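The values are calculated or read from the model by the stated rules, or taken from the named source; none is laboratory data. For clarity, every value in this text was computed on a predicted model and none was experimentally measured. Heads up, the Cβs are rebuilt from the backbone with ideal geometry, glycines too, and the neighbour counts pull from every protein chain shown.
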Protein chains: 2
Amino acid sequence: MTTLQDCRARDAQDPLRSLREHFTLPDGTLYLDGNSLGALPRAAPARVAQVVAQEWGQDLITSWNKAGWVDLPARLGDQFAPWIGAGQGQVVFTDTTSINLFKVLTAAARVARADAPQRTRVVSERSNFPTDLYIAQSVCEQHGLQLALVEPDEIDAELQAGDVAILLLTHVNYRTGAMHDMAAVTARAHAHGALCVWDLCHSAGAVPVDLLGADADYAVGCGYKYLNGGPGAPAFVWAHPRLAGRFAQPLSGWFGHAAPFAFTPDYQPAPGIGRYLCGTQPILSLSALQCGLDVFSAAELLGGMAALRAKSLALTDLFIELVETHCAGHGLALATPREHALRGSQVSLTRDENAYAIVQALIARGVVGDFRKGDGGAGLHKDILRFGFTPLYTRFEDVWRAAQHLREVLETGEWQRPQFHQINAVT
Amino acid sequence: MTTLQDCRARDAQDPLRSLREHFTLPDGTLYLDGNSLGALPRAAPARVAQVVAQEWGQDLITSWNKAGWVDLPARLGDQFAPWIGAGQGQVVFTDTTSINLFKVLTAAARVARADAPQRTRVVSERSNFPTDLYIAQSVCEQHGLQLALVEPDEIDAELQAGDVAILLLTHVNYRTGAMHDMAAVTARAHAHGALCVWDLCHSAGAVPVDLLGADADYAVGCGYKYLNGGPGAPAFVWAHPRLAGRFAQPLSGWFGHAAPFAFTPDYQPAPGIGRYLCGTQPILSLSALQCGLDVFSAAELLGGMAALRAKSLALTDLFIELVETHCAGHGLALATPREHALRGSQVSLTRDENAYAIVQALIARGVVGDFRKGDGGAGLHKDILRFGFTPLYTRFEDVWRAAQHLREVLETGEWQRPQFHQINAVT
């Protein structure tokens, strides 16, 4: 059975241990919510201060050229592209995940209509992140398509019906942490004539992603979770080169124009992914995001994604082991797959009741995970205690301590205090 | 004839002179480009540093509630609403102008289709800001509408044709600084059965705007020009209360859901303007924007928009007078209307040639205006030297000095130097 000493020994031997120094983390907190909002990169305060005081305050409008603001979405895209298996010039950071999904789903709908007009359905998972489903509903209404929401094990049967235009999936499920085999699923979608759109919000920067290797069609993902880009950081968007130049996406703003500063009245989309830009981007937020991406550049020198993935699995394996040995008999069950190939970088536990209060009691102890409500339907119906394990800054000792706090909260019953049952707006 | 002494006397008597202290401006620069990127509010560096270091770095995910991040788009909207004649709960700051225009134009198209399906055209000005036209093209293609681009004096005739669904106009033209009579134009549009959508990018915070008084239908505007919100600051969107709850806009992300944190799979739009939100917003950029809006709260105590407008007209009158008296005989002509009721807060000058080099020579002297290319067509075909006069921080003495620099650049011919003819990416 793993001991605290074992955990400390593993931290001492961790080849990635120096990466934690790239972050500022609050004292007395075990932060296991980097899959909701990533921690602050140590470089960000000075970088943002420079952008505010010098680039904005002193250099003003000249910074669009001089400080390279105008290229920031593409430059950050190129910097991060290797971490999702994308090529140079194929990724931009811009707008939000929801808006980028609207762009790629509309583009995919236009491609499908041109190539296979008899295909009239978009298939996704009932337990997909809600905003993905809301955007998909809107695109379907606009294009006369039908949205079909199914369970993961029903996807194959749906594809075999032969009328699926687009398969829209999130790579790692936000509640359970279950991960799809991107290459296998994409291949099945293609074999049945469907385009495959991937949401990488809970996988980019946390698990290996190889978009080109998987022959995916479109992808979007979040800048403020595992990429540590700051609250509401711009999101990214990728389109396979065979598709990026087909059709204009409908948010045809001037930054996606082939010649934005020619100020011509007719829209001419930029070649490739450049057309997925729309309006003027929030430079302060993009600048903070760059500090998050810079940590990945440092991680590249220490083993890159292979090392991050190995540590992520070791952290989640350890948490599962400790919860099952130290917290047994308290009604917790594992929602996250045990099999490594099916697991993201989080561990989700279910409980019949009071999951919310238990999460609140942990937060009061400085152990920050979060709560996600069960969907009450045919998907995962039980409430979830969710713990994200970011390999960039989480230590094995943190995992030990988090498990002990969970044990104590359960054994003492302190979650029964009334204040832990008060519902916040965002949980 | 106005003298430098006169200008200094006017500065000394200016009831708004203290507002300049709310900004940090670079030494040795006369900044006349606040209509492209507003200056840095003095409070912004500390505020952004606090958001980065404390709210993000220390409080992390709890800041969505504790620091009020989740309500920031609506809170800033309420703070600024009176400056555009909008009511509380009617405005949100979010996304970009282009994206917000896509939302309102699509909503307007849906309303028009429901109420007057025989109306099939969207009318705008050929010299409207290009991104507005690009977005309008996209919305028209999506909804089977035709976009008609006309000259300002042709708008009435277009409306009389009786088939116009939407009139899309920018209140103050970005090149000429010419301003529409919003109430009169809106009334004419309504009389002919068309909805009226206003882009306030070059008017919000600079000239009086009364959306409810004008009975306008929808409006969008920019956060980083006269509002001084920082590079790429989120934009705002307004819909008249009679329309805000009609139809969902197509960017149906979770932040526009009636219960975003219920995580239900079906989209239910929030009531009113809340449905115009989509994804998670860039909090660092929104926080800087708040500092820009706070200066308007200070301006309210010194006479509000009436005082700002009086100063703006005095500044632009003065610049016109000084250019016409001191820079005569150098081929400059006035593109901005002399009539106060038709003028925004900028002065645009045309010249047959070398306008770009003259602007560059001025910038080299620290006089920052900007250049806008003529459209080469039936609109304003000559190139423009554009000077924005932000009444919040521009002094009468600045106007004097800018005019003298312009005179010297023209008299010495220093604009002929090769370096002033080199084209930058963003101009």
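State whether the residues of the range A:132-148 include one that is of a type in the set (A, V, I, L, M) and free of Cβ contacts under 8 Å to residues at least 24 places away in the same chain.
Taking the range A:132-148 and keeping what is of a type in the set (A, V, I, L, M), we get A:133, A:135-136, A:139, A:145, A:147-148.
Keeping just the survivors that are free of Cβ contacts under 8 Å to residues at least 24 places away in the same chain gives A:133.
So far as the range A:132-148 goes, yes, one or more of its residues are of a type in the set (A, V, I, L, M) and free of Cβ contacts under 8 Å to residues at least 24 places away in the same chain.
Going through the range B:70-125 one residue at a time, which ones are basic (Lys, Arg) and either part of a helix (DSSP H, G or I) or closer than 23 Å to residue B:283 by Cβ (or both)? Walk me through how you get there before you give the answer.
Step one: of the range B:70-125, the residues basic (Lys, Arg) are B:75, B:103, B:110, B:113, B:119, B:121.
Selection gives B:75, B:103, B:110, B:113.
Tell me yes or no: at least one residue of the range B:84-101 is over 20 Å from residue B:292 (Cβ atoms), within 20 Å of the chain's Cα centre (by Cα) and either of a type in the set (Asp, Glu) or more than 10 Å from chain A (Cβ to nearest Cβ) (or both).
Yes, there is a match, as at least one residue in the range B:84-101 is over 20 Å from residue B:292 (Cβ atoms), within 20 Å of the chain's Cα centre (by Cα) and either of a type in the set (Asp, Glu) or more than 10 Å from chain A (Cβ to nearest Cβ) (or both).
For the range B:193-204, indicate whether the set of residues that are of a type in the set (Ser, Thr, Tyr) and surrounded by 20 or more Cβ atoms within 10 Å (Cβ to Cβ) is non-empty.
Residues of the range B:193-204 of a type in the set (Ser, Thr, Tyr): B:203.
Next, only the ones that are surrounded by 20 or more Cβ atoms within 10 Å (Cβ to Cβ) stay: B:203.
Yes, some residue in the range B:193-204 is of a type in the set (Ser, Thr, Tyr) and surrounded by 20 or more Cβ atoms within 10 Å (Cβ to Cβ).
Quick one: would you say residue A:245 is under 23 Å from residue A:83 (Cα atoms) and either more than 9 Å from every other protein chain (Cβ to nearest Cβ) or surrounded by fewer than 24 Cβ atoms within 10 Å (Cβ to Cβ) (or both)?
On the way: under 23 Å from residue A:83 (Cα atoms): yes; either more than 9 Å from every other protein chain (Cβ to nearest Cβ) or surrounded by fewer than 24 Cβ atoms within 10 Å (Cβ to Cβ) (or both): yes.
So residue A:245 fits the description; yes.
Have a look at B:142, B:137, B:146 and point out the one that is away from chain A (no Cβ under 12 Å) and either within 20 Å of residue B:179 (Cα to Cα) or polar (S, T, N, Q) (or both). It would help to see each step written out before you state the result.
Numbers: B:142 fails: away from chain A (no Cβ under 12 Å); B:137 fails: away from chain A (no Cβ under 12 Å).
Just one listed residue meets the conditions, B:146.
Run down B:349, B:284 and say which single residue is under 27 Å from residue B:397 (Cβ atoms) and crowded, with 23+ Cβ neighbours inside 10 Å. Before you say what the answer is, go through the steps one by one.
Working: B:284 fails: under 27 Å from residue B:397 (Cβ atoms).
Criteria check complete, one pass: B:349.
Regarding residue A:266, is this residue farther than 22 Å from residue A:51 by Cβ and surrounded by fewer than 24 Cβ atoms within 10 Å (Cβ to Cβ)?
Working: farther than 22 Å from residue A:51 by Cβ: yes; surrounded by fewer than 24 Cβ atoms within 10 Å (Cβ to Cβ): yes.
Against the criterion (farther than 22 Å from residue A:51 by Cβ and surrounded by fewer than 24 Cβ atoms within 10 Å (Cβ to Cβ)), residue A:266 qualifies.
Condition first: in a strand (DSSP E or B) and either within 14 Å of chain A (Cβ to nearest Cβ) or within 26 Å of residue B:32 (Cβ to Cβ) (or both). Can you find one or more residues in the range B:202-218 that meet it? I'd like the intermediate steps shown before the answer.
Initially, the range B:202-218 is screened for residues in a strand (DSSP E or B), giving B:218.
Then drop every residue that is not either within 14 Å of chain A (Cβ to nearest Cβ) or within 26 Å of residue B:32 (Cβ to Cβ) (or both), which leaves none.
So far as the range B:202-218 goes, no, none of its residues is in a strand (DSSP E or B) and either within 14 Å of chain A (Cβ to nearest Cβ) or within 26 Å of residue B:32 (Cβ to Cβ) (or both).
Can you pull out every residue in the range B:77-110 that is farther than 16 Å from residue B:200 by Cα and in contact with a Leu (Cβ under 6 Å, 6 or more places away or on another chain)?
Within the range B:77-110, B:79, B:108 qualify.
Conditions (1) more than 14 Å from chain B (Cβ to nearest Cβ); (2) of a type in the set (Val, Ile, Thr); (3) in contact with a helix residue (DSSP H, G or I) (Cβ under 8 Å, 6 or more places away or on another chain), marked per residue:
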| residue | (1), (2), (3) |
| --- | --- |
| A:274 | no, no, yes |
| A:285 | no, no, yes |
| A:288 | no, no, yes |
| A:292 | no, no, yes |
| A:305 | yes, no, yes |
| A:311 | yes, no, no |
| A:316 | yes, yes, no |
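Go through the range A:258-272 residue by residue and tally those that are at the interface with chain B (Cβ under 7 Å from one of its Cβ atoms) and more than 17 Å from residue B:127 (Cα to Cα). Let's see the steps before the verdict.
Taking the range A:258-272 first, the residues at the interface with chain B (Cβ under 7 Å from one of its Cβ atoms) are A:261, A:263-265, A:267.
Next, only the ones that are more than 17 Å from residue B:127 (Cα to Cα) stay: none.
Of the residues in the range A:258-272, 0 are at the interface with chain B (Cβ under 7 Å from one of its Cβ atoms) and more than 17 Å from residue B:127 (Cα to Cα).
Return the total of residues in the range B:12-46 being over 24 Å from the mean Cα position of the chain (by Cα) and facing chain A (nearest Cβ under 10 Å).
Residues of the range B:12-46 that are over 24 Å from the mean Cα position of the chain (by Cα), as a first pass: B:12-15, B:27-28, B:46.
Retained after the next criterion (residues that are facing chain A (nearest Cβ under 10 Å)): B:27, B:46.
So the count comes out to 2.
Out of curiosity, is residue B:342 assigned by TED's automatic domain parsing to the domain that holds residue B:14 and either buried (at least 18 other Cβ atoms within 10 Å of the Cβ) or touching a strand residue (DSSP E or B) at 6+ places or on another chain (Cβ under 6 Å) (or both)?
Details: assigned by TED's automatic domain parsing to the domain that holds residue B:14: yes; either buried (at least 18 other Cβ atoms within 10 Å of the Cβ) or touching a strand residue (DSSP E or B) at 6+ places or on another chain (Cβ under 6 Å) (or both): yes.
Judged against the criteria, residue B:342 is a match.
Identify all residues within the range A:12-54 that are surrounded by fewer than 16 Cβ atoms within 10 Å (Cβ to Cβ) and either among the acidic types (Asp, Glu) or in contact with a His (Cβ under 6 Å, 6 or more places away or on another chain) (or both); write none if there are none.
Scanning the range A:12-54 gives A:21, A:27.
For the range A:284-296, indicate whether the set of residues that are farther than 23 Å from residue B:224 by Cβ, part of a loop (DSSP other than H, G, I, E, B) and in contact (Cβ under 8 Å) with a residue 60 or more places away in the chain is non-empty.
No.
All but one of (1) touching a Phe, Trp or Tyr at 6+ places or on another chain (Cβ under 7 Å); (2) over 25 Å from residue A:40 (Cβ atoms) hold for residue A:268; state the number of the condition that does not hold.
If we test residue A:268 against (1) touching a Phe, Trp or Tyr at 6+ places or on another chain (Cβ under 7 Å); (2) over 25 Å from residue A:40 (Cβ atoms), just (1) comes out false.
Does at least one position in the range A:71-93 carry a residue that is surrounded by fewer than 21 Cβ atoms within 10 Å (Cβ to Cβ) and over 20 Å from residue A:234 (Cα atoms)?
Looking for residues that are surrounded by fewer than 21 Cβ atoms within 10 Å (Cβ to Cβ) and over 20 Å from residue A:234 (Cα atoms), one finds none in the range A:71-93, hence no.
Within the range A:149-169, how many residues turn out to be more than 24 Å from residue B:249 (Cα to Cα), away from chain B (no Cβ under 12 Å), under 23 Å from the mean Cα position of the chain (by Cα) and touching a residue at least 24 places away in the same chain (Cβ under 8 Å)?
Restricting attention to the range A:149-169, the residues satisfying the condition of being more than 24 Å from residue B:249 (Cα to Cα) are A:150-164.
Imposing the further condition that a residue be away from chain B (no Cβ under 12 Å) reduces the set to A:151-164.
Next cut, under 23 Å from the mean Cα position of the chain (by Cα) only: A:151-153, A:155.
Remaining after also requiring touching a residue at least 24 places away in the same chain (Cβ under 8 Å): A:151-152, A:155.
The qualifying residues number 3.
Can you name the residue in the range B:261-289 that is within 21 Å of the chain's Cα centre (by Cα) and among the small types (Gly, Ala, Ser) and is also farthest from residue A:128 (Cα to Cα) among such residues?
Looking at the filtered set, the residue picked out is B:288.
Residue A:406 passes all but one of (1) crowded, with 17+ Cβ neighbours inside 10 Å; (2) within 19 Å of residue A:10 (Cβ to Cβ); which number fails?
Among (1) crowded, with 17+ Cβ neighbours inside 10 Å; (2) within 19 Å of residue A:10 (Cβ to Cβ), the lone unmet condition for residue A:406 is (2).
May I ask you to list the residues in the range B:57-77 that are closer than 17 Å to residue B:87 by Cα and at pLDDT below 95?
Within the range B:57-77, no residue meets the criteria.
Would you confirm, using the coordinates I've provided, whether residue A:322 is in contact with a Lys or Arg (Cβ under 8 Å, 6 or more places away or on another chain), touching a residue at least 24 places away in the same chain (Cβ under 8 Å) and assigned by TED's automatic domain parsing to the domain that holds residue A:399?
Values: in contact with a Lys or Arg (Cβ under 8 Å, 6 or more places away or on another chain): no; touching a residue at least 24 places away in the same chain (Cβ under 8 Å): yes; assigned by TED's automatic domain parsing to the domain that holds residue A:399: yes.
Taking the combined requirement at face value, the residue does not satisfy it.
Examine the range A:172-186 for a residue that is part of a strand (DSSP E or B), on the phi < 0 side of the Ramachandran plot, of a type outside the set (Asp, Glu) and in contact with an Asp or Glu (Cβ under 7 Å, 6 or more places away or on another chain), and state whether such a residue exists. So that I can check it myself, show each step before the final result.
As a first pass, look at the range A:172-186 and keep what is part of a strand (DSSP E or B): A:172, A:178-179.
Filter once more, keeping what is on the phi < 0 side of the Ramachandran plot: A:172, A:178-179.
The next check asks that each one be of a type outside the set (Asp, Glu); those that pass are A:172, A:178-179.
Subset that is in contact with an Asp or Glu (Cβ under 7 Å, 6 or more places away or on another chain): none.
Within the range A:172-186 (the criterion being part of a strand (DSSP E or B), on the phi < 0 side of the Ramachandran plot, of a type outside the set (Asp, Glu) and in contact with an Asp or Glu (Cβ under 7 Å, 6 or more places away or on another chain)), the answer is no, since none of the residues qualifies.
Any idea how many residues of the range B:56-76 are more than 8 Å from chain A (Cβ to nearest Cβ) and farther than 20 Å from residue A:360 by Cβ?
Selection size over the range B:56-76: 6.
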